[in-house]
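Structure, as structure tokens:
The values are calculated or read from the model by the stated rules, or taken from the named source; none is laboratory data. Worth saying up front: this structure is predicted, and the values here are computed from it rather than measured. So basically every Cβ, Gly included, is an ideal-geometry build from the backbone, and we count neighbours across all protein chains shown.
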Amino acid sequence: MKPEELLKTLHTINKLKDTTRHCYTPGGRHESVAEHSWRITAMAYFIKDEFPDLDMDKVIKMCLIHDLGEVFTGDIPSFDKTKENENTEEKLLNDWVKSLPEPFSSEMASLYKEMDALETKEARLYKTLDKLEAVISHNESDLSTWIEKEYTLNVTYGEDLCADHPYLKAFREVIKKETLDKIEKGRA
């Protein structure tokens, strides 16, 4: 990538630092999309030894780029996102990806296609980490920032994706225990 193209790309993705998510940080401010993407990427790195049969470089790339569409649309919580929202984000992201130089344009387009299909182990792992990180973030935030539906959602979110892998299933149970403990403590 030419230096001018790299700088332009970095300016575009930098917007994720100021694009906030529904969740709050432990310090009481809205978390950014960049912070969320960074942490799921770190999660993939730290659990890579649990998945020796997967292309973990691919998983890390998926984690890194998974929310780049929110540069153009902002973050809409999964429980509020409509099909129209998804289509708009997908179109704007695809237009931007097509504007990137090769090999990045083709590689990212291929990764997004794989991520959307959720048919490979790599795509399923990235999606699992995406969901689990959201629950962990909520567990770290003050209970007063939760909306009513999160009391149920945070107990079950991502369980379906964890069911087939012993490590992920155990990790989800630890997160679930943390959620239930937080709720119990908060209601006491």
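Of all residues in region 145-164, which are in a helix (DSSP H, G or I) and charged (D, E, K, R)? Residues satisfying the conditions are E150, E159, D160. Selection over region 109-167 of residues that are out of contact with any Ser or Thr (no Cβ under 8 Å at 6 or more places or on another chain), of a type in the set (V, I, T) and surrounded by fewer than 16 Cβ atoms within 10 Å (Cβ to Cβ) gives a count of 4. Among the residues of region 168-176, is there at least one that is loosely packed, with under 15 Cβ neighbours inside 10 Å and aromatic (F, W, Y)? No: zero hits. Within region 14-35, being out of contact with any Phe, Trp or Tyr (no Cβ under 8 Å at 6 or more places or on another chain), in a strand (DSSP E or B), under 15 Å from I76 (Cβ atoms) and not polar (S, T, N, Q) holds for R21, H22, C23. Within region 1-33, restricting attention to residues that are touching a Lys or Arg at 6+ places or on another chain (Cβ under 9 Å) and free of Cβ contacts under 8 Å to residues at least 40 places away in the same chain, the residue that is surrounded by the most Cβ atoms within 10 Å (Cβ to Cβ) is S32. Go through the residues of region 165-176 one by one and say whether even a single one is in a helix (DSSP H, G or I) and of a type in the set (D, E). Within region 165-176, one or more residues are in a helix (DSSP H, G or I) and of a type in the set (D, E). A residue that is within 23 Å of G27 (Cα to Cα) and among the small types (G, A, S) cannot be found anywhere in region 90-113. Can you tell me how many residues within region 177-188 are crowded, with 16+ Cβ neighbours inside 10 Å and either assigned to a loop (DSSP other than H, G, I, E, B) or polar (S, T, N, Q) (or both)? Adding up the residues that qualify gives 1. Assigned to a loop (DSSP other than H, G, I, E, B) and more than 25 Å from E140 (Cα to Cα): does that describe P101? Criteria met by P101.
On inspection, S37 fails the criterion of being at pLDDT below 95, under 18 Å from the mean Cα position of the chain (by Cα) and not hydrophobic (A, V, I, L, M, F, W, C).
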